[in-house]
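So the structure is just underneath, and the comments pick up after that.
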Amino acid sequence: MTTGNDEFGLAELILEQTADALIYADLQGVILRWNQAACSLFGYRSQEALGASLDIIIPEHLRAPHWAGYHAAMKSGSLKLQGHPTVTRAVHKSGDKLYVEMTFALVKSADGAAIGSVAMARDVT
């Protein structure tokens, strides 16, 4: 059991217990981190979301522009929104459409290369 006495354990406790959905995806858009709030917001258990494409939460009509922007950000190492929140559409596991406010950040390696993206989301439906 993690008591939060070490840096990694404390970070995990914080990420898991934050009220906003936290999603981390790698360069290809494969979900590698999905907290409890993401489970509640989108309806997928962690075991279902981890290893899946971000497509599970992106409405089909928004996928092409999403992926164009995602891949451009990974290649350039910068975001258009620069951390400013944006409201967009998302889809719940049930198929219900949601409006979510999201913020995005690139996750970069020690040498400054983008290695993935993290998003924080909350329901504003």
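General remarks:
- Solvent-accessible area of segment 1-85 (1.4 angstrom probe, protein heavy atoms only): carbon and sulfur portion equals 59 percent.
- For segment 1-88, the extents of the C-alpha atoms along the principal axes are 42, 27, 23 Å, listed from largest to smallest.
- Peptides ranked, highest mean first, by Cβ atoms within 10 Å: ranges 96-108, 74-86: 96-108, 74-86
- Computed from backbone phi, the HN-Hα couplings of segment 110-125 come to 4, 8, x, 7, 5, 10, x, 9, 10, 10, 10, 9, 9, 6, 10, 4 Hz, rounded to whole numbers (Karplus: 6.51 cos²θ - 1.76 cosθ + 1.60, θ = phi - 60°; Gly and Pro given as x).
- The gain in end-to-end length when the Asp6 to Arg89 segment is fully stretched comes to 26.1 nm, 0.36 nm per residue minus the alpha carbon separation.
- Accessible surface calculations at 1.4 Å, restricted to protein heavy atoms, place the chain at 59 Å² per residue.
- Backbone amide hydrogens, once placed in the peptide plane, bring Leu50 within less than 5 Å of nothing, excluding anything fewer than 5 places away on its chain.
- Fully extended contour minus Cα-Cα distance, from Glu101 to Ser53, at 0.36 nm per residue: 15.3 nm
- Nearest-0.05 FRET efficiency for Leu13 and Lys108, computed from C-beta distance (R0 25 Å): 0.55
- Mean ellipticity per residue at 222 nm, deg cm²/dmol - from DSSP H runs of n ≥ 4 across the chain, formula -39500 (n - 2.57): -8000 deg cm²/dmol
- Environment charge at Pro59 (Cβ cut-off 14 Å; Lys +1, Arg +1, Asp -1, Glu -1): +1
The values are calculated or read from the model by the stated rules, or taken from the named source; none is laboratory data. The shown structure was predicted, so the numbers you read here are calculated from the model rather than taken from an experiment. We place every Cβ from the backbone using ideal geometry, glycine too, and count neighbours over all the protein chains shown. Protein only, heavy atoms only, side chains kept; ligands, DNA and RNA dropped before computing areas. Shrake-Rupley method; radii C 1.70, N 1.55, O 1.52, S 1.80 Å.
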